[in-house]
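The values are calculated or read from the model by the stated rules, or taken from the named source; none is laboratory data. Keep in mind that what you see is a predicted model, and the values were worked out from it rather than measured. Note: ideal-geometry Cβ built from the backbone for every residue, glycine included; neighbour counts use all protein chains shown. SASA here: full protein model, heavy atoms, side chains in, ligands and nucleic acids out. Shrake-Rupley method; radii C 1.70, N 1.55, O 1.52, S 1.80 Å.
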Amino acid sequence: MVFPPLLTETELQALYQRARSATADSSLQNLLEQRQAGDVASRYRGAGLDYAESRAYQPGDEPRFMHWSVTARTGKAHVKQFREERRPAVFIVFDRRRAMRFGTKVRLKAAQAARVAALIAFAATQQGWAVSGVILEAPPHWFPTSTDTHAVWEFVRQCAATCPPLPTTHEPTLASILPLINASVVRGTHVYLLSDFADLDAACEAHILQLLHHHPLFTVQVLDTAECELPAAGRLNLQGLDGVTHCVNLADPILREQFRQQAATLHDEQAQRLRGWGCHYTQLLTDVDAPELAVPLPHGMGT
Amino acid sequence: MNIDWLTLYLALIPVVLLLASTTLSQRTDRSLSEVERNMGKGGVFLHPLAHLLPATKIPTWQRHLQRAIILWLWLCLTLAIAQPVQRGTKLPDLPPERDILLLVDVSISMTLTDYALDGQKRSRMDVLKTLLQDFANRLQGERLGMIVFAENPYLLVPLTRDPTLVQRQLQRLTPTLAGRVSAVGDAITLALKEAGKQPQRKPIFVLFTDADESIGRVDPEAAASLAAESKIPLYTIAIGSTAATMEGDTGGLAYQPVNLALLQTLSKRTGATTYQAGDAQAVEQALADITRQHQNVAEQIPRYEQQPLYHWLLLAGLLPLMLWQLWQRRANT
């Protein structure tokens, strides 16, 4: 059995064009702080050229950045703080695990996530941002930072390729991959999390908060309509991710209403948690054709 | 209660198929991909949030019951294939019977039209067929066999209790079926050989012929002596006239009268009689003489009344299934 890729080459070309036009749209610009091109000033304090402010000395600070005049004036040791300079970059976490390979209408969740990933990567590379990412599957596939258009296309094509067969071993969890991202990404990189957050557990909280400390974090929850509402499809055997088969009669409106409420509660809870931690949260259904209208894309460079 | 299984070997087929399918399914299960296996399970769909659904799993006892019902049905069907019958009272034994071998001459001279019926000329063959038909009808309950002969003798119908078979085969008789001239001696030899297959039974030979002279490898008289030695009566029925010539068309054949003297010699040697076809009284006499002969005890295979039982098995198998389906339908609505 041969499966088609998640996105065809024509679709990718169309997405490239749409990324170009979407970045021209300024309605979402206020979502992003980054407006300047080139090696731009970051909102983070650290090593740099521009003096920003002074703060009290803490053990471990470099003595060469001591702010002697302030130290002399106040009588307490102070160090200079500089505004960090950096190249703007995005990091895309593209989830292609078991739960994402599901879809009832239009396309798979993984395909929708791949479209968003392509839009973000194209928009970023068109703005001159650096792109890096990871395809979350078993084993996770890391993509090094690059500003080269060809390399970015290669990453997008890998995201849009046919899903490999499901592994027999356990797939990596979100909680196991988040600390690795934190370690590998330059501070201030825009991190996009494209997933259904099926395994957003308490273990993720610390890692996400740590990520948020250094990076703006955009979370896109990709969901299928059947995950929010069950169709009146009669008697079915539904198998969950845990392999347990539930025999249900979907003709029963009470059952469907119960499921709708429970699913809504679950998704609301996940959205609340992500928003509460400080992430930007977007819910995206698989049948949405223009995800660029919902998801803030990296743009605004040099304008 | 005695139960016989008529086709026990047929019940082996489902058993063998079951074993084969289980081994095959085990083998294919390993080679199929996960997707195909899911499709094969019959409507199992994946859903990431299936755990939110109420656990309306079929209770274990229901699944076991369903399995048991299917197994029970399979068992009943398999047993039904073996055709169980209940053995009833013993049927009465077959009446004693005679083994009568009809030796029929089909030489070319049988086409001669010696006989006249209602002013129409009839060939010897027609008369012979009518005669044989009459014999087969009148000798119901006896075992009849038929040997046709001309140059060579052939066994057309082995000894059988089926008079219909004999009558059917009679219609196939045509002159020159076995050659042109009649070798009576060879025919008697073949009949003796056929009779020798069941030496404990005494057969009766009835020879229908228009033979004029003896042709063939065995002299008829010598063959008749052999029959006499085995105490087998050889009745002869002469067909055709004894007149030296015949008026009218002979169809290009040399006319051949029947050699009554030879036939009488043959019969006498075995203690039987010669009759002439076309003479109604003579034929009646022949039949009466034959039926006076010694009767053989019929081969007795014990026979019983048989009451088929398969429908009870089908009912026993299908009734639980129907009730189960009805109950499920009620439970689902």
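Points to keep in mind about this one:
- Some residue of segment B:128-141 being assigned to a strand (DSSP E or B) and at pLDDT 85 or above: no
- The sole residue among A:193, A:211 that is more than 14 Å from chain B (Cβ to nearest Cβ), farther than 24 Å from residue A:286 by Cα, open to solvent by less than 10 Å² (accessible area, probe 1.4 Å) and touching a Leu at 6+ places or on another chain (Cβ under 7 Å) is A:211.
- Subset tally (residues that are farther than 20 Å from residue B:131 by Cβ, open to solvent by less than 30 Å² (accessible area, probe 1.4 Å) and out of contact with any Gly (no Cβ under 9 Å at 6 or more places or on another chain)) for segment B:143-191: 1
- Every condition in (1) open to solvent by 30 Å² or more (accessible area, probe 1.4 Å); (2) of a type in the set (A, V, I, L, M, F, W, C); (3) modelled with pLDDT of 90 or more holds for residue A:79 except the one numbered (1).
- Odd one out for residue A:273, checked against (1) buried (at least 16 other Cβ atoms within 10 Å of the Cβ); (2) within 11 Å of chain B (Cβ to nearest Cβ); (3) over 15 Å from the mean Cα position of the chain (by Cα): (2)
- All conditions in (1) of a type outside the set (Ser, Thr, Tyr); (2) out of contact with any helix residue (DSSP H, G or I) (no Cβ under 6 Å at 6 or more places or on another chain); (3) at pLDDT 90 or above; (4) part of a strand (DSSP E or B) hold for residue A:276, with the sole exception of (4).
- Within segment A:97-139, the set of residues being out of contact with any Ser or Thr (no Cβ under 9 Å at 6 or more places or on another chain), closer than 26 Å to residue A:188 by Cα and open to solvent by 10 Å² or more (accessible area, probe 1.4 Å) comprises A:115, A:137.
- Within segment A:228-270, considering residues that are assigned to a helix (DSSP H, G or I) and in contact (Cβ under 8 Å) with a residue 40 or more places away in the chain, the one farthest from the other protein chains (Cβ to nearest Cβ): A:270
- The single condition from (1) open to solvent by 50 Å² or more (accessible area, probe 1.4 Å); (2) within 14 Å of another protein chain (Cβ to nearest Cβ) that residue A:206 fails is (2).
- Counting only residues that are farther than 15 Å from residue B:100 by Cβ and open to solvent by less than 80 Å² (accessible area, probe 1.4 Å), segment B:117-136 holds 9 of them.
- Search result, residues across segment A:285-299 that are touching a Leu at 6+ places or on another chain (Cβ under 8 Å) and not β-branched (Val, Ile, Thr): A:285, A:291, A:292, A:294, A:296, A:297, A:298, A:299
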